[in-house]
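*Asks:* Dropping the structure in here first, questions after.
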Amino acid sequence: MSGRPQSAAPLAHIKAVLFDLDGTLIDSALDLAGAANDMRAARDLPRLPLSHFRPMVGSGARGMVGRAFDITPQDERFGAYRDEFLQRYEARMTLETRVFADVDPVLAQLTASGTPWGIVTNKSTYLSEPLVRALGLQSRAATLVCGDTTAHAKPHPAPLLEAARRMGFAPAECVYVGDDQRDVQAGAAAGMATVAAAWGYLGLGEHIEAWNADHIIAAPAELLNLLVMA
């Protein structure tokens, strides 16, 4: 901002932090790709490397089924494949999924400073709640808004506005951190500051520089440099 001292934090006005889940807080790629590969194995198809699936992890079942079988939602098989994928993923979703190691210290520092943080994900509630609980995040997060909590999922702003409402902050007092272009679009539409997490899955669309996020950070700790905390 013009006139701001260089030593001042760019997000000094922020009072609460909201995070995307997959690819931002947690690395769920191994379990999501594993479920897709289990489907391939059941059809006598060879397993594909994690690198084939990883960019599309943020797209959930749609992305995993698409990458596993090279089909789109318009394919007549897609609905049944998606349902099978979700069943297989639910059965194994906590086997190899972990909170990113570099994220945990950031969450601890936010909590220690009295800066509340929450989670806004497009993952359905029946998957999100047990996963977040298993990873020890549910008791620490101020709120969890899922893909079916509101009538719309990201990139619509409704889930982010609901999270801000639940936490008792105006949208302008919140920042949303995510690893997908839809996260930036949702945050901007909600009137929040946006931070693109370059350590995430990022998708196969436009490059992260083209998302028009307010900030891009390469590592979770960089978020702390943007904030002013007690």
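*Asks:* Do we find a residue being closer than 29 Å to THR115 by Cα, outside the structural domain of ALA186 (by TED's automatic domain parsing) and assigned to a helix (DSSP H, G or I) anywhere in segment 5-28?
*Replies:* No, segment 5-28 contains no residue that is closer than 29 Å to THR115 by Cα, outside the structural domain of ALA186 (by TED's automatic domain parsing) and assigned to a helix (DSSP H, G or I).
*Asks:* Another one. Here's a check for you: in segment 131-140, which residue that is in contact (Cβ under 8 Å) with a residue 24 or more places away in the chain and surrounded by fewer than 21 Cβ atoms within 10 Å (Cβ to Cβ) is nearest to ASN225 (Cα to Cα)? Steps first, please.
*Replies:* Filtering segment 131-140 down to residues in contact (Cβ under 8 Å) with a residue 24 or more places away in the chain leaves 131-132, 134-137, 140.
So of that shortlist, the ones also surrounded by fewer than 21 Cβ atoms within 10 Å (Cβ to Cβ) come out as 134-136, 140.
Values: ALA134: 29, LEU135: 26, GLY136: 25, ARG140: 21 Å.
My answer is ARG140.
*Asks:* Okay, moving on. Run down ALA153, ALA142, ALA188 and say which single residue is in a loop (DSSP other than H, G, I, E, B) and in contact with a strand residue (DSSP E or B) (Cβ under 7 Å, 6 or more places away or on another chain).
*Replies:* Numbers: ALA153 fails: in contact with a strand residue (DSSP E or B) (Cβ under 7 Å, 6 or more places away or on another chain); ALA188 fails: in a loop (DSSP other than H, G, I, E, B).
None of the other options fit; the residue is ALA142.
*Asks:* Here's something else I'd like to know. For segment 73-88, state whether one or more residues are under 19 Å from the mean Cα position of the chain (by Cα), surrounded by 13 or more Cβ atoms within 10 Å (Cβ to Cβ) and over 30 Å from ASN225 (Cβ atoms).
*Replies:* Applying the first criterion (under 19 Å from the mean Cα position of the chain (by Cα)) to segment 73-88 yields 86.
When the remaining residues are screened for being surrounded by 13 or more Cβ atoms within 10 Å (Cβ to Cβ), the result is 86.
Imposing the further condition that a residue be over 30 Å from ASN225 (Cβ atoms) reduces the set to 86.
Checked against the condition, which is being under 19 Å from the mean Cα position of the chain (by Cα), surrounded by 13 or more Cβ atoms within 10 Å (Cβ to Cβ) and over 30 Å from ASN225 (Cβ atoms), segment 73-88 yields at least one hit.
*Asks:* Name the pairs: first residue in segment 60-71 and closer than 19 Å to MET93 by Cβ, second residue among the hydroxyl-bearing types (Ser, Thr, Tyr), Cβ to Cβ under 6 Å, at least 6 apart or on different chains?
*Replies:* Hits for this filter: VAL65/TYR81.
*Asks:* Just checking, does segment 190-204 include any residue being closer than 23 Å to MET56 by Cα, among the aromatic types (Phe, Trp, Tyr), surrounded by fewer than 19 Cβ atoms within 10 Å (Cβ to Cβ) and not assigned by TED's automatic domain parsing to the domain that holds LEU50? Walk me through how you get there before you give the answer.
*Replies:* Within segment 190-204, the first condition is being closer than 23 Å to MET56 by Cα, and the residues that meet it are 194-204.
Narrowing the set further to residues that are among the aromatic types (Phe, Trp, Tyr) leaves 199, 201.
Keeping just the survivors that are surrounded by fewer than 19 Cβ atoms within 10 Å (Cβ to Cβ) gives 199.
Restricting the remaining residues to those that are not assigned by TED's automatic domain parsing to the domain that holds LEU50 gives 199.
Yes: segment 190-204 contains one or more residues that are closer than 23 Å to MET56 by Cα, among the aromatic types (Phe, Trp, Tyr), surrounded by fewer than 19 Cβ atoms within 10 Å (Cβ to Cβ) and not assigned by TED's automatic domain parsing to the domain that holds LEU50.
*Asks:* Restricting to segment 156-181, name every residue that is in contact (Cβ under 8 Å) with a residue 60 or more places away in the chain and either assigned to a helix (DSSP H, G or I) or hydroxyl-bearing (Ser, Thr, Tyr) (or both). Reasoning before the result, please.
*Replies:* Start the filter on segment 156-181 by keeping residues that are in contact (Cβ under 8 Å) with a residue 60 or more places away in the chain, which leaves 160, 163-164, 167, 169, 172-180.
Those that are in contact (Cβ under 8 Å) with a residue 60 or more places away in the chain and either assigned to a helix (DSSP H, G or I) or hydroxyl-bearing (Ser, Thr, Tyr) (or both): LEU160, ALA163, ALA164, MET167, ALA172, GLU173, TYR176.
*Asks:* Any residue in segment 143-154 that is over 16 Å from LEU18 (Cα atoms) sitting within a Cβ distance under 8 Å of a residue that is among the polar types (S, T, N, Q)? List the pairs, counting only those 6 or more apart or interchain.
*Replies:* ASP148/SER124; ASP148/THR125
*Asks:* Quick one: ALA210 ticks every box in (1) assigned to a helix (DSSP H, G or I); (2) of a type in the set (A, V, I, L, M, F, W, C); (3) surrounded by 19 or more Cβ atoms within 10 Å (Cβ to Cβ) except a single one, so which number is it?
*Replies:* Condition (3) is where ALA210 drops out.
The values are calculated or read from the model by the stated rules, or taken from the named source; none is laboratory data. Treat the numbers as computed from the prediction; the structure is a model and nothing was measured. All Cβ positions, even for glycine, are placed from backbone atoms using ideal geometry, and neighbour counts span all protein chains on display.
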